[in-house]
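Heads up, the thing below is written out as structure tokens.
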Amino acid sequence: MKHVLVVLTALALVCGTALIAQAPAHQHIGKKIRDEITIEQPVMIGSATLKAGQYEIICDGATMSFTYVQTGEKVLTVQCHGKEMASKATTTEVYIEPGPKGVGVVTKILLKGSNIEHVFEG
Ligand SMILES: [Zn+2]
């Protein structure tokens with residue numbers, strides 16, 4: 001019985017965290033934004049690693065999913081935060097900052113034609 005209680009507590013903590021993380025989601029809910037990006041070398045997004053390759057990315061305003069184009073496999077879905085910018089991005093840009101162990105960390109993605117910044121947290 002004690003074991004069950006411990007599991008329930010852990011689930012409650014996970015749910016609470018998810019709700020907090022969704023609060024600052026941005027304003028294009030219902031209007032999915034998609035594009036394709038090419039990653040030249042492995043990078044981290046949050047705690048996940050993306051291998052090099054071409055990805056279809058789709059953001060629904062709360063989460064961004066990454067689908068590895070070569071296999072059609074959705075490999076990652078991450079919480080996406082961001083804000084509206086004054087003007088639309090004219091190019092698709094992936095912002096990568098140096099991370100631990102020499103692996104780059106994706107912090108932000110701008111999608112061509114969209115005025116929303118897609119920001120990820122570690
Ligand atoms: Zn987004």
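Derivation of every value follows stated rules applied to the coordinates shown; laboratory data play no part. Computed from a predicted model, the values in this text were never measured in an experiment. Don't worry about glycine lacking a Cβ; one is built from the backbone with ideal geometry, like all the others, and counts go over all protein chains shown.
The distance between label points at Val69 and Gln54 comes to 0.3 nm (points 7 Å beyond Cα on the Cα→Cβ vector).
Between Ala48, Thr71, Ile96, the Cα set farthest toward the positive side of the dipole of the range 26-119 (charges on each charged residue's Cβ, about the Cα centre) is that of Ala48. For the range 26-119, the Cα-based Rg and Dmax, in that order, read 12.6, 38 Å. The stretch between Gln79 and Lys101, if pulled fully straight at 0.36 nm per residue, gains 5.6 nm over its current Cα-Cα span.
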